[in-house]
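In what follows, a structure is listed as structure tokens, so that the remarks can point back to it.
The values are calculated or read from the model by the stated rules, or taken from the named source; none is laboratory data. Just so you know, these numbers come straight off a predicted model, no measurement behind them. All Cβ positions, even for glycine, are placed from backbone atoms using ideal geometry, and neighbour counts span all protein chains on display.
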Amino acid sequence: MRPRPCLTNELISPQPWWAQCTQRPGFLRFITLLVLLVLALTACISIAAKQQPPSEVLASSSLDNIEKLLSKGEIAGMAISIVKNGRVQRTKSFGWPNAALKTQIGNDTIFEVASLSKPVVAYGVLQLVDRRLIGIDDPASKYIDSPELRDDSRWKTLTIMMLLDYTSGLPNELRPGEKLSFSFTPGTRFSYSGIGFLFLQQIVEKVTRLSFEQYLETAIFKPLHMTSTSFVWRDDYDTRKANGHDNIGRPTAIRKPMVPKAPSSLHTSAADYARFLAAVLGRSGLSASRWKAMVTPQIPVQQDCVVCISKAAGQLSSAVECKRVRKYTVDEILDSL
């Protein structure tokens, strides 16, 4: 299989996103599939059968053949949750959390969902904006300090909004020995940044006077009954978490984050994450204006990169509005692989 980018702008991408993801070497083989939710939050593609409500899609004969998807994508296992009318209707699991042991994935299996952490963090940050504990256009320097950036005049121009919409000018991550610095003036263009979310984590802890995990438990996990969800390791995950898998399908060691990382350390089940998405799509937990801001694309993105730190500006998407894309049947998804 030849490489294809998995994270690309759907406005200019020549293929459906699932075809790109399943054809990327190592992407689905390297990790057990986190969650396949038949639902999109800020993307404009939804996966559903024509003229069928979501509950019927999950019960359809197409999903009885879901093993085809697992085989073609070389996936050890996955879980699917269906949201209908703002509620999680059903969760169904396939395959194994560990390909060597071949124990069945259950609806309570825990997945390390990586960057799916970020929408949860954004939701929590916007709740703080609604409570007027922070301002969306406040500079980050109003709340936190950065020894590496404080002597750069651009530090005082970096706002909470820029951290949220990936226009911070900060790198995605730092390799050993690298020093944190701005790669471009904040607010001028897009570049995906996990470090920006680490700054948001510090701001959350500063203004709430709670640990990051405590705040999210109080603001999101408990109200939404996300009882299996945490940014840090829990003892019950020892018997519930799905393994990652390497490029030849061997289970890898389970990581146990003891310190929360806002960009990436969220652990959750398919049903729990679906509860979060149902709340957002149901306009729950945020004011009308803040909800609209969360689900509305904010900036044009560059055509040929995601982390755009060192690239000169290339062709941008023609608009920030999502185009309506027709729905796809499950059979069409399978046939495209």
Filter result (surrounded by 13 or more Cβ atoms within 10 Å (Cβ to Cβ) and in a loop (DSSP other than H, G, I, E, B)) within region 181-196
181, 182, 183, 184, 185, 186, 187, 189, 190, 191, 192, 193
So if I check each of 258, 226, which one is without any contact (Cβ under 8 Å) to a residue 60 or more places away in the chain and surrounded by 17 or more Cβ atoms within 10 Å (Cβ to Cβ)?
226
Verdict on residue 204 being within 22 Å of residue 255 (Cα to Cα) and either modelled with pLDDT of 95 or more or buried (at least 19 other Cβ atoms within 10 Å of the Cβ) (or both):
no
Within region 34-47, is even one residue in contact with a strand residue (DSSP E or B) (Cβ under 6 Å, 6 or more places away or on another chain), at pLDDT 90 or above and assigned to a strand (DSSP E or B)?
no
Being surrounded by fewer than 17 Cβ atoms within 10 Å (Cβ to Cβ), of a type outside the set (Lys, Arg), within 21 Å of residue 273 (Cα to Cα) and under 25 Å from the mean Cα position of the chain (by Cα), is that true of even one residue in region 132-150?
no
Of the residues that sit in region 62-115 and are in a helix (DSSP H, G or I) and closer than 20 Å to residue 247 by Cβ, which one is modelled with the highest pLDDT?
114
Considering each residue of region 212-261, count those that are assigned to a strand (DSSP E or B) and farther than 24 Å from residue 83 by Cβ, and give that number.
3
Does region 263-282 contain any residue that is modelled with pLDDT under 95 and over 17 Å from the mean Cα position of the chain (by Cα)?
yes
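Let's see how each residue does on (1) part of a loop (DSSP other than H, G, I, E, B); (2) within 19 Å of residue 231 (Cα to Cα); (3) of a type in the set (A, V, I, L, M); (4) modelled with pLDDT under 95:
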residue	(1), (2), (3), (4)
117	no, yes, no, no
120	no, yes, yes, no
127	no, yes, no, no
136	yes, no, yes, no
141	no, no, no, no
144	yes, no, yes, no
147	yes, no, no, no
150	yes, no, no, no
168	yes, no, no, no
With 310, 264, 287, 269 as the choices, which residue is hydroxyl-bearing (Ser, Thr, Tyr), in contact (Cβ under 8 Å) with a residue 24 or more places away in the chain, surrounded by fewer than 17 Cβ atoms within 10 Å (Cβ to Cβ) and more than 18 Å from residue 127 (Cα to Cα)?
310
Quick one: would you say residue 217 is over 23 Å from the mean Cα position of the chain (by Cα) and free of Cβ contacts under 8 Å to residues at least 40 places away in the same chain?
no
Residues 114, 140, 122: which one is touching a residue at least 40 places away in the same chain (Cβ under 8 Å) and at positive phi?
114
Identify the single condition in (1) more than 17 Å from the chain's Cα centre (by Cα); (2) over 25 Å from residue 90 (Cα atoms); (3) without any contact (Cβ under 8 Å) to a residue 60 or more places away in the chain that residue 250 does not satisfy, given that it satisfies every other one.
(3)
Those residues of region 100-126 which are surrounded by fewer than 19 Cβ atoms within 10 Å (Cβ to Cβ) and either closer than 18 Å to residue 208 by Cβ or over 21 Å from the mean Cα position of the chain (by Cα) (or both), in sequence order:
100, 101, 102, 103, 104, 106
Would you point out which residue out of 211, 191, 183 is under 25 Å from residue 160 (Cα atoms), touching a Cys at 6+ places or on another chain (Cβ under 6 Å) and in contact (Cβ under 8 Å) with a residue 40 or more places away in the chain?
191
